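Down below is the structure, laid out as structure tokens.
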Amino acid sequence: MEKIQTLVVGAGISGLSTAFFLQQRGQRVAVLEASGRAGGNIQTLMYEGFMLEAGPNTLLDNDPAIAALIDGLGLRAEVREANSEAKRRYVVRNGQAVQLPGSPPAFLSTTLFSPAAKFRLLAEPFIGRAQIEESVADFVRRRLGQEFLDWAIDPFVSGVYAGDPARLSVQAATPKVYALERDHGSLLVGALKKAFKARKTEVQTTPVGHMFSFDRGLGQLVDALAERLGDALHLHATVQGLQHTHDGWQVNTSQGAFVAQNVVLAVPAEVCAALLEPFLGVRVQPLREIPYPPVMSVALGFRREDVAHALDGFGVLIPAKERVTTLGALFSSTLFPGRAPDGQVLLTVFIGGRRHEDVGTWTDEAIVARVLADLGPILGLRAAPLMSHVQHWPRAIPQYELGHFERMAALDEAMQHLQGLRMRANWRDGVSVSDAIRNGLVLATALQELQAQML
Ligand SMILES: Cc1cc2nc3c(=O)[nH]c(=O)nc-3n(C[C@H](O)[C@H](O)[C@H](O)COP(=O)(O)OP(=O)(O)OC[C@H]3O[C@@H](n4cnc5c(N)ncnc54)[C@H](O)[C@@H]3O)c2cc1C
């Protein structure tokens with residue numbers, strides 16, 4: 001039997017895409033997954049006639065790696081772009097869903113921000129750069145003012161991280177926003193320059209930043225990856241320990257031992273910490289310091305006439321200032337028509353996160369009751385849902401809080417002597433599915449180059 005070159009531990013999207021890109025480059029790989037299915041957080045379910053996403057709902061086409069994966073898997077014809085209505089987004093202020101302005105005239109007329117907050121924006125280009133690491137909240141308050149933090153950035157941070165802007169590091173959690181200050185000295189000037197440049201190059205590049213899924217949901221991507229891996233994917237293979245050998249690594253699993261030259265740990269931070277502790281001792285601590293608050297994803301199906309809101313957009317986000325437990329809701333059957341039976345609509349609601357970690361201990365009944373009470377007046381819910389489904393993610397999304405980069409640097413230093421061992425999961429370099437795919441391609445390319453140098 002030919003020797004495996006790289007063992008990937010974890011069949012979430014990080015591990016699957018790393019393995020796919022390695023295989024595409026001619027490497028012999030094997031993927032070891034503890035559970036009985038591939039996909040990790042990605043899970044599409046058919047339930048009572050609805051197509052539900054238990055984890056992520058959309059993918060962003062913002063990097064060439066995404067197209068490389070889709071085309072490499074032959075999935076192009078299955079891509080389903082989000083409905084164009086999804087460009088409209090709502091934010092709740094004073095109990096009302098207010099449309100987030102999408103253009104300068106809409107910004108001038110919106111009731112989401114006061115005239116003083118709008119005027120305050122004019123000062124932004126004249127504010128200097130920060131000299132220390134700041135939280136997202138401090139950064140936004142300093143550059144754009146309190147109202148932008150409360151009614152735009154806070155709900156955005158909820159939507160991506162289910163996080164707390166007062167604790168997230170602006171450099172680590174929102175690197176593109178931070179880079180506008182670092183590179184251009186101003187968010188407004190930087191954003192304008194980028195928009196101008198994008199317009200100039202539009203003809204030469206493929207469109208980026210489109211939101212999409214697949215005909216059979218994000219699960220279709222996972223299924224295609226699993227199918228491509230075939231026998232190289234080992235389910236129910238929980239990795240229990242690692243041993244450094246003279247020419248690589250031995251990985252001990254519930255299905256026996258595997259050996260390879262390289263190992264990629266594509267597993268949550270606490271699993272990496274447990275596997276690395278025998279080598280690093282207390283130096284695994286940075287991994288254990290990454291908070292993972294719980295998030296519950298609640299799917300609700302209603303008769304169309306039982307929801308007063310037009311549901312003509314991506315969804316609605318609820319800022320912390322509104323003092324409501326629910327974080328927000330996606331209008332899933334608007335986003336991707338056909339996911340609810342005829343005459344019915346599907347909402348995907350998120351609750352929990354860094355601010356409401358206690359919700360992780362609630363019963364499903366209590367969670368659904370809270371969500372209905374919170375959303376009822378905002379969306380005009382007139383009757384009980386026909387369908388409800390609660391998915392618990394007890395350790396949902398890693399938080400890149402203040403000190404994240406320092407923790408990662410300490411970890412990298414501690415790992416230096418562990419040749420052939422890499423880590424590649426969502427607890428660094430981005431939490432989105434697109435980040436995982438991009439990072440998978442970067443790592444596969446680096447490992448391949450290393451291999452070529454050694455020949
Ligand atoms: C509710 C929710 C909504 C989200 N919404 C979006 C969204 O709309 N868009 C977006 O881009 N992102 C979204 N995200 C984020 C995104 O889904 C995740 O960051 C991404 O899927 C994580 O992939 P991963 O492979 O790094 O980790 P995971 O998906 O956690 O995969 C890790 C894998 O490792 C396995 N494993 C663990 N321990 C072992 C072991 N000892 N041995 C072997 N295998 C092991 C696990 O079983 C799992 O399969 C969302 C996340 C959640 C939770």
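The values are calculated or read from the model by the stated rules, or taken from the named source; none is laboratory data. Bear in mind that the values here come from a model prediction, so they are computed numbers and not experimental data. Cβ: placed from backbone, ideal geometry, glycine included. Neighbour counts: every protein chain shown.
For segment 323-414, give me every one of the strands (runs of 3 or more DSSP E) that falls completely inside it and has 3 or more residues that are away from the ligand (no atom under 14 Å from the Cβ).
344-352
Of everything in segment 131-149, what is surrounded by 17 or more Cβ atoms within 10 Å (Cβ to Cβ) and part of a helix (DSSP H, G or I)? Give them in sequence order.
VAL136, ALA137, ASP138, PHE139, VAL140, ARG141, ARG143, LEU144, GLU147, PHE148, LEU149 - these are the residues of segment 131-149 that are surrounded by 17 or more Cβ atoms within 10 Å (Cβ to Cβ) and part of a helix (DSSP H, G or I).
With the requirement that a residue be within 18 Å of TYR292 (Cα to Cα) and acidic (Asp, Glu), what does segment 407-434 give you?
Once the filter is applied, which keeps residues that are within 18 Å of TYR292 (Cα to Cα) and acidic (Asp, Glu), segment 407-434 yields only ASP429.
Within segment 25-39, track down each residue that is touching a His at 6+ places or on another chain (Cβ under 9 Å) and assigned to a loop (DSSP other than H, G, I, E, B).
GLU33, ALA34, SER35, GLY36
It is to be established whether one or more residues within segment 7-24 are away from the ligand (no atom under 12 Å from the Cβ), surrounded by fewer than 20 Cβ atoms within 10 Å (Cβ to Cβ) and not in a helix (DSSP H, G or I).
So far as segment 7-24 goes, no, none of its residues is away from the ligand (no atom under 12 Å from the Cβ), surrounded by fewer than 20 Cβ atoms within 10 Å (Cβ to Cβ) and not in a helix (DSSP H, G or I).
Being modelled with pLDDT of 95 or more, over 27 Å from ARG428 (Cα atoms) and not assigned by TED's automatic domain parsing to the domain that holds ASP429: is that true of GLY128 here?
No; evaluated as a whole, the condition is false for this residue.
Before we move on, is ARG37 touching a residue at least 40 places away in the same chain (Cβ under 8 Å), surrounded by fewer than 20 Cβ atoms within 10 Å (Cβ to Cβ) and within 16 Å of the ligand (Cβ to nearest atom)?
Judged against the criteria, ARG37 is a match.
Across segment 42-65, what is the number of residues that are among the hydroxyl-bearing types (Ser, Thr, Tyr) and near the ligand (Cβ under 9 Å from one of its atoms)?
1
Name the residue, out of LEU22, LEU32, LEU7, LEU45, that is closer than 28 Å to SER333 by Cα and in contact with a strand residue (DSSP E or B) (Cβ under 9 Å, 6 or more places away or on another chain).
Every option except LEU45 fails the conditions.
Checking PRO293 against (1) part of a helix (DSSP H, G or I); (2) within 28 Å of the chain's Cα centre (by Cα), only one condition comes out false. Which one?
So the condition that PRO293 fails would be (1).
Among the residues of segment 40-61, write down those that are crowded, with 18+ Cβ neighbours inside 10 Å and touching a His at 6+ places or on another chain (Cβ under 7 Å).
Result: LEU52, ASP61.
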